[in-house]
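The values are calculated or read from the model by the stated rules, or taken from the named source; none is laboratory data. This is a predicted model, so every value here is computed, not measured. Quick reminder, even Gly has a Cβ in these numbers, built from the backbone with ideal geometry, and neighbours come from all protein chains shown. Heavy atoms of the whole protein, side chains included, go into the accessibility calculation; ligands, DNA and RNA do not. Shrake-Rupley method; radii C 1.70, N 1.55, O 1.52, S 1.80 Å.
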Amino acid sequence: MAHIRDASLTALVIVGTGSSIENVRLPRRLAGPNAKREPGSPSDETVEIRPALALTVLLLSSRCGNAPSTTSIAPPPAAGHPPGPPSPPSPQPLPSPPSVELTESVRPVFKGSFSDAPDQVDYVANVDDLQILNGAGPSKLAALHAANAADLVYTYQKIAGLHGPGPTSPSGDPGWQAVVSQNLLWHDSRGHPVTEPLSGWYYVDILTPSKRAAWTRVLLANVQDQLANGYDAVFLDDANVIDPSLISEYPPTYSDAAYYEAVGQVLASVRAALPGRKIIVNSYTGAAAPGNRGLELLADCDGLFFEAFSYRNSGEFFDPARYLQQVDDFAAVVASGKMAVAMDYAPATDMPHRMWSLASYLLVDSERSYHYFAATDSASDLQSYPENALAIGVALGDAAASTDGLVRRVYRGATAIVNPSPRTVDYSLSDDAWEQLELGGGGAFPDMGTLSWLPIASSSISLAPDTAAILRHQ
């Protein structure tokens, strides 16, 4: 296994990749030897890797930011000599006592709407590190800026669509009349407007060049109005190839490649019209063909949303190869100097999925990484979770793959473990002085929930497939 060795390491994130890992491409190393560290943290560290499978290991930077570098893994056994069973994980170095003051390790995101109540304004401004609002007026924006002048507030827009008249928007979204009058809506083979079935918004035809140019003018007018109202930056949703479940019917002209190219052209026009403004797009689509996944848009934006980052929106877990692709591509965005948002959905009461999402995020946490968990059982956009205040400090080590199918990352104040493999893995502890994090409560604001550390009564823990845990040493 890959074992990061240092006497003062205190936290570890572990992700299993399964017995078929020899056929799975793991992410690249992103951390370098010149990373900044908190006072008292180690000045150097070594990585031991036992001979096993041919792997590439993802070693991610801490919040302080590291220069990229690479590491190599021993080649696989010769033909005819299959590898033996994975060896058990080595006991881990003992962390510092939990009394050591640690910084918070999660950058949470707010997206949606909230009331003018002072406690809600304060929470969005000072707890959430990234704010994306839809339709907030100048007074609310001024209140957010007064509460926290440092954070940018993003205006929500769709890159190729909008809501028409309906119960929540009697006259449609801004620009609706202009879209209808210029015949910019997209139509299916029967001449019906194409819609998104889940929420009913309408697609605009961006495959026809003249209509794409007209829509871009409408979109930019909407964005400029919002910036004049007090917004600072732009969030563009649905900037990706279209999943079959998210369109009423594909128009005859649709193809993934053509639509993705048209999205890129709209984004490039927005970028050219807004120099100096931050732009984030919800674009990453891991199921799309290479070249159509969203990474190609980075030249014209400042960050990507990874919706359904660590598992599918249905709650189904990814297979190891797809999971590692998600992590690898997220890491590539961060390594390029751009922002990346890891977003997952589940009921607020689904603690296993929440723990999984949190630990997966910790693999790619950096000064440009954000975590957004959205409860599917809450009617309120304003949600609060105890994990948003998890204080385990900066990463001291790096996430690394091991031959037992685990990947680990070291933080200053806890140990997190995730196992997306199809088999149960026992993880050995150095002694019986470990505690396991339990998430309690959270969901609709102001339920802040609790973080509890429960004693572990044995010298190892068993990680069933698709489960996660976070540990610390007393």
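When you go through (1) surrounded by 15 or more Cβ atoms within 10 Å (Cβ to Cβ); (2) out of contact with any Cys (no Cβ under 9 Å at 6 or more places or on another chain) one by one for Ala395, which number turns out not to apply?
Among (1) surrounded by 15 or more Cβ atoms within 10 Å (Cβ to Cβ); (2) out of contact with any Cys (no Cβ under 9 Å at 6 or more places or on another chain), Ala395 violates only (2).
For the range 128-147, how many residues are farther than 21 Å from Leu304 by Cα and touching a strand residue (DSSP E or B) at 6+ places or on another chain (Cβ under 9 Å)? Don't jump to the end; show me each part of the working.
The initial filter retains those residues of the range 128-147 that are farther than 21 Å from Leu304 by Cα, namely 135-147.
From what's left, touching a strand residue (DSSP E or B) at 6+ places or on another chain (Cβ under 9 Å): 135-136, 140-141, 144-145.
Going through the range 128-147 one residue at a time, the tally reaches 6.
Hey, can you tell me all the residues within the range 332-352 that are closer than 16 Å to Pro420 by Cβ and outside any strand (DSSP E or B)? Quick ask: steps written out before the conclusion?
Keep residues of the range 332-352 that are closer than 16 Å to Pro420 by Cβ, which gives 342, 344, 346, 352.
Residue satisfying the conditions is Pro352 alone.
Suppose we filter the range 405-435 for residues that are closer than 29 Å to Ala321 by Cβ and crowded, with 17+ Cβ neighbours inside 10 Å; how many remain? Give the derivation first.
Residues of the range 405-435 closer than 29 Å to Ala321 by Cβ: 405-411, 414-428.
If we keep only those that are crowded, with 17+ Cβ neighbours inside 10 Å as well, we get 405-411, 414-421, 425, 427.
Qualifying residue count for the region: 17.
Any idea which of (1) open to solvent by 30 Å² or more (accessible area, probe 1.4 Å); (2) under 29 Å from Trp356 (Cβ atoms) is the one Gly286 doesn't satisfy?
The single condition Gly286 does not satisfy is (1).
Among the residues of the range 102-127 satisfying the criterion of being free of Cβ contacts under 8 Å to residues at least 40 places away in the same chain and surrounded by 15 or more Cβ atoms within 10 Å (Cβ to Cβ), which is farthest from Ala359 (Cα to Cα)?
Val121
Being among the polar types (S, T, N, Q), within 14 Å of the chain's Cα centre (by Cα) and under 21 Å from Pro320 (Cα atoms): is that true of Ser310 here?
Values: among the polar types (S, T, N, Q): yes; within 14 Å of the chain's Cα centre (by Cα): yes; under 21 Å from Pro320 (Cα atoms): yes.
Yes; evaluated as a whole, the condition is true for this residue.
Collect the residues in the range 379-392 that are hydroxyl-bearing (Ser, Thr, Tyr), surrounded by fewer than 23 Cβ atoms within 10 Å (Cβ to Cβ) and within 21 Å of Glu438 (Cα to Cα), keeping them in residue-number order.
The first filter runs over the range 379-392 and keeps only residues hydroxyl-bearing (Ser, Thr, Tyr), leaving 380, 384-385.
The next check asks that each one be surrounded by fewer than 23 Cβ atoms within 10 Å (Cβ to Cβ); those that pass are 380, 384.
Result: Ser384, single match.
Any residue that is touching a Leu at 6+ places or on another chain (Cβ under 7 Å) and open to solvent by 50 Å² or more (accessible area, probe 1.4 Å) - is there at least one of those in the range 316-326? First the steps, then the outcome.
The initial filter retains those residues of the range 316-326 that are touching a Leu at 6+ places or on another chain (Cβ under 7 Å), namely 324.
Imposing the further condition that a residue be open to solvent by 50 Å² or more (accessible area, probe 1.4 Å) reduces the set to none.
No - not one qualifying residue is present in the range 316-326.
Could you count how many residues in the range 174-206 are within 13 Å of Pro252 (Cα to Cα), over 32 Å from the mean Cα position of the chain (by Cα) and buried (at least 21 other Cβ atoms within 10 Å of the Cβ)?
Residues meeting the conditions: 0.
Tell me the strands (runs of 3 or more DSSP E) entirely within the range 365-474 that contain at least 2 residues that are more than 21 Å from the chain's Cα centre (by Cα). Talk me through it step by step, then tell me what you get.
Numbers: elements: 369-375, 415-419, 425-428, 434-440, 450-455, 460-463, 467-473.
Filter on the range 365-474 gives 425-428, 434-440, 450-455, 460-463, 467-473.
Just to be sure I understand, how many residues within the range 264-280 are assigned to a helix (DSSP H, G or I) and either within 19 Å of Ala221 (Cβ to Cβ) or open to solvent by 40 Å² or more (accessible area, probe 1.4 Å) (or both)?
As a first pass, look at the range 264-280 and keep what is assigned to a helix (DSSP H, G or I): 264-273.
Applying the additional criterion that residues be either within 19 Å of Ala221 (Cβ to Cβ) or open to solvent by 40 Å² or more (accessible area, probe 1.4 Å) (or both) yields 265-273.
The number of residues fulfilling the criteria is 9.
Given the structure, is Ser171 open to solvent by 40 Å² or more (accessible area, probe 1.4 Å), polar (S, T, N, Q) and closer than 24 Å to Thr376 by Cβ? Even if it seems obvious, please write down each step before you answer.
On the way: open to solvent by 40 Å² or more (accessible area, probe 1.4 Å): yes; polar (S, T, N, Q): yes; closer than 24 Å to Thr376 by Cβ: no.
In short, no.
Somewhere in the range 440-453, is a residue polar (S, T, N, Q), within 23 Å of His353 (Cβ to Cβ) and surrounded by 14 or more Cβ atoms within 10 Å (Cβ to Cβ)?
Kept after step one, since they are polar (S, T, N, Q), are these residues of the range 440-453: 450, 452.
When the remaining residues are screened for being within 23 Å of His353 (Cβ to Cβ), the result is 450, 452.
From what's left, surrounded by 14 or more Cβ atoms within 10 Å (Cβ to Cβ): none.
No, that holds for no residue.
Test each condition in (1) under 29 Å from the mean Cα position of the chain (by Cα); (2) farther than 21 Å from Gly137 by Cα for Leu236 and report the one that comes out false.
It fails just one condition, (2).
For the condition among the hydroxyl-bearing types (Ser, Thr, Tyr) and in contact with a strand residue (DSSP E or B) (Cβ under 8 Å, 6 or more places away or on another chain), what is the one hit in Tyr231, Tyr260, Tyr254? Write out each step before concluding.
Details: Tyr260 fails: in contact with a strand residue (DSSP E or B) (Cβ under 8 Å, 6 or more places away or on another chain); Tyr254 fails: in contact with a strand residue (DSSP E or B) (Cβ under 8 Å, 6 or more places away or on another chain).
Tyr231 is the lone residue from the list that is among the hydroxyl-bearing types (Ser, Thr, Tyr) and in contact with a strand residue (DSSP E or B) (Cβ under 8 Å, 6 or more places away or on another chain).
Need pairs with beta-carbon distance below 6 Å; first residue farther than 14 Å from Gly286 by Cα and in a strand (DSSP E or B) and within the range 233-251, second among the charged types (D, E, K, R) and open to solvent by less than 30 Å² (accessible area, probe 1.4 Å); sequence gap 6+ or separate chains.
Between residues of the range 233-251 that are farther than 14 Å from Gly286 by Cα and in a strand (DSSP E or B) and residues that are among the charged types (D, E, K, R) and open to solvent by less than 30 Å² (accessible area, probe 1.4 Å), the close pairs are Asp237/Lys158.
Being at pLDDT 95 or above, assigned to a helix (DSSP H, G or I) and open to solvent by less than 10 Å² (accessible area, probe 1.4 Å) narrows it down to one of Leu358, Leu362, so name that one. Step through it out loud before you land on a result.
On the way: Leu362 fails: at pLDDT 95 or above.
Exactly one residue qualifies, and that residue is Leu358.
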